[in-house]
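K.L.:
Sharing a structure with you now.
The values are calculated or read from the model by the stated rules, or taken from the named source; none is laboratory data. Everything quoted here is computed from the prediction, not taken from an experiment. Cβ coordinates were reconstructed from backbone atoms using ideal geometry, including for glycine residues, and neighbour counts include every protein chain displayed. What goes into the accessible areas is simple: the full protein's heavy atoms, side chains included, and nothing from ligands, DNA or RNA. Shrake-Rupley method; radii C 1.70, N 1.55, O 1.52, S 1.80 Å.
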Amino acid sequence: MSAVERLVQDAATLGVVLSDGDARRLFTLLDELARWNRTYNLTAITTPAAMLTHHLLDSLAIHPDLQGTRIADVGTGAGFPGLPLALCNPARQFTLIDSTAKKIRFVSHAAHALGLTNVTAVHARAESVKPEAPFDTVVVRALAPLPQMLAQVAPLCGPLSRVLAMKGRWPAEELAALPAPWRLAGSRQLSVPGLAEARCVIVLTSA
């Protein structure tokens with residue numbers, strides 16, 4: 001089985017339908033990341049196999065949890081999970097936010113290289129961003145403990161927004177300390193092909 005066929009198959013187990021062309025573009029993303037990483041040190045994950053599982057498939061795992069058309073990825077780093085999700089959701093608009101300039105430069109470059117017209121890269125701290133309207137979904141991957149993270153993303157959210165917190169192990173203590181008016185609206189364990197580590201997504205709302 002080719003690498004493209006394997007990626008298509010693994011994505012399907014996560015509920016994501018990829019064409020061969022989509023899969024090739026995702027491998028192009030990893031190639032560009034590896035090329036830039038040699039100069040700019042964007043990610044500590046450097047082997048092709050680990051990049052596939054920890055960046056691509058881990059990102060795609062929350063695809064079924066997205067809601068609405070305006071998505072923010074806070075602390076996107078080198079563009080994960082935002083770039084793979086944007087590629088798979090051309091009808092949705094993605095705003096990728098990070099406070100590290102070199103990472104946002106890569107996000108802009110990668111979006112252009114992949115022809116993603118639905119990606120906006122923003123160099124800023126999340127709490128300083130003032131969107132025209134609240135985002136429908138705000139995605140955060142391993143940014144901070146939930147109470148601090150919610151304080152950072154609150155300016156991006158409205159009553160109907162949902163925050164998807166991507167975590168490793170179940171964060172029981174963090175959930176016990178959720179600040180008002182936030183509440184747990186749902187959760188699920190994520191089974192990422194090729195990834196033996198624990199993964200879960202926590203869905204939070206303020207309504």
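K.L.:
How far apart, in nm, are two points set 7 Å out from the Cα along the Cα-to-Cβ line at residue 109 and at residue 128?
P.N.:
In this crude label model, residue 109 to residue 128 measures out at 2.3 nm.
K.L.:
Keeping all protein chains in the complex and leaving out DNA, RNA and ligands, what accessible area do you get for residue 13 with a 1.4 Å probe, in Å² to the nearest 10?
P.N.:
100 Å²
K.L.:
Pick from 178, 26, 66 the residue whose mean-square fluctuation is largest in a GNM of the chain, springs joining Cα atoms under 10 Å.
P.N.:
Checking each option, the largest mean-square fluctuation is seen for 178.
K.L.:
Between 133, 111, 165, find the one with the highest GNM mean-square fluctuation for the chain; connect C-alpha pairs within less than 10 Å.
P.N.:
133
K.L.:
Longest segment of the chain with no GluC sites (Glu not before Pro) in a DSSP loop having at most 15 other Cβ atoms within 10 Å? All intermediate terms of the calculation are to be shown ahead of the outcome.
P.N.:
On the way: sites that count: 132, 197.
Between exposed loop sites, the widest span is 1-131.
K.L.:
Using a 1.4 Å probe and ignoring any ligands, DNA or RNA, find the accessible area of residue 109 and quote it in Å² to the nearest 10.
P.N.:
60 Å²
K.L.:
To the nearest 10 square angstrom, how much accessible area does residue 19 have with a 1.4 angstrom probe?
P.N.:
So the heavy atoms of residue 19 present about 60 Å² to solvent.
K.L.:
Could you let me know the centre-to-centre spacing of region 68-89 and region 1-64, using Cα atoms, in angstrom?
P.N.:
14 Å
K.L.:
Okay, next question. Within the accessible area of the chain, what % is carbon and sulfur when the probe is 1.4 Å and the other protein chains stay in place? Intermediate values should be presented prior to the final figure.
P.N.:
Working: 5050 of 9440 Å².
Within the chain, the accessible surface is 54 percent carbon and sulfur.
K.L.:
Out of 12, 78, 154, any idea which swings most in a Gaussian network model of the chain, alpha carbons joined below 10 Å?
P.N.:
Greatest mean-square fluctuation among the candidates belongs to 12.
K.L.:
Enter the accessible area per residue of the chain (Å², integer; probe 1.4 Å; all protein chains in place). Please list the in-between numbers first.
P.N.:
Details: 9440 Å² over 207 residues.
That works out to 46 Å² per residue.
K.L.:
What is the gain in length, in nm to one decimal, between residue 12 and residue 176 on full extension, counting 0.36 nm per residue of separation less the C-alpha to C-alpha distance?
P.N.:
Values: separation 164, 0.36 × 164 = 59.04 nm, distance 3.41 nm.
Going from the current span to full extension adds 55.6 nm.
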